[in-house]
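Quick notes on the structure that follows.
The values are calculated or read from the model by the stated rules, or taken from the named source; none is laboratory data. These figures come from a predicted structure and were not determined experimentally. Ideal geometry is used to build each Cβ from the backbone, glycine not excepted, and the neighbour counts take in all protein chains shown.
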Amino acid sequence: MPQFDISSFPSQIFWLAVVFVVLYILMSKIALPKVGDVLERRHKTIEDNLGKARALKDETDAAIARYEAALAEARNAAHDDIREASEKASAQQAAETAAMARKLSEKTSAAEKRIAQAKTTALGSMSEAAADIARDATAKLIGVKVQSKTAENAVAAVIGE
């Protein structure tokens, strides 16, 4: 093998050094700066995208906060409307209940007056009928004719007990 021949070592070392220096210069002056530029652009693009993402996140958070505030305001308005409608319905119901109670009270007092009048009339008729029955019964049982005034007084005394 020729590469292991000691007499060719100096030329091999020379060409190794020449090729190494040329490759080193090519890599350091051409290839590595391009790779560095690509990496730098990539890093800058990533940083820009992260900045945009942060800005969009902040904008989204602000929109969410506005949405939640509007939602809370709508809930409060709905609760206020419900409470107002409930109070209005309660007041209307109370007014209708009071009106109905007044009407029932008037009807009850009118009915009580009619009942009292009917009772008075019935008791008056009953007193007269009882007095007539007592006079007739006295006439038939003992044969004595009692005056109507006396029979009415006797019935009134019995009813008054």
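Go through region 91-124 and count every residue that is of a type in the set (K, R) and more than 37 Å from the chain's Cα centre (by Cα).
Within region 91-124, residues that are of a type in the set (K, R) and more than 37 Å from the chain's Cα centre (by Cα) number 4.
Given (1) surrounded by 10 or more Cβ atoms within 10 Å (Cβ to Cβ); (2) under 24 Å from G160 (Cβ atoms), identify the lone condition not met by V144.
Only one criterion is unmet by V144, namely (1).
Restricting the search to region 123-148, which residues are out of contact with any Asp or Glu (no Cβ under 9 Å at 6 or more places or on another chain) and hydroxyl-bearing (S, T, Y)?
Of everything in region 123-148, those that are out of contact with any Asp or Glu (no Cβ under 9 Å at 6 or more places or on another chain) and hydroxyl-bearing (S, T, Y) turn out to be S125, T138.
Going through L32, L56, L71, L50 one at a time, which residue ends up being out of contact with any strand residue (DSSP E or B) (no Cβ under 8 Å at 6 or more places or on another chain), farther than 30 Å from Q3 by Cα, surrounded by 10 or more Cβ atoms within 10 Å (Cβ to Cβ) and modelled with pLDDT under 95?
Only one candidate passes the filter, namely L32.
What about E47, is it under 27 Å from the mean Cα position of the chain (by Cα) and of a type in the set (D, E)?
No: the conditions fail for E47.
Test A130 against the stated conditions and say whether it is among the hydrophobic types (A, V, I, L, M, F, W, C), in contact (Cβ under 8 Å) with a residue 12 or more places away in the chain and assigned to a helix (DSSP H, G or I).
Against the criterion (among the hydrophobic types (A, V, I, L, M, F, W, C), in contact (Cβ under 8 Å) with a residue 12 or more places away in the chain and assigned to a helix (DSSP H, G or I)), A130 qualifies.
Does L123 qualify as being under 30 Å from V155 (Cα atoms) and either touching a residue at least 24 places away in the same chain (Cβ under 8 Å) or β-branched (V, I, T) (or both)?
The answer is yes for L123.
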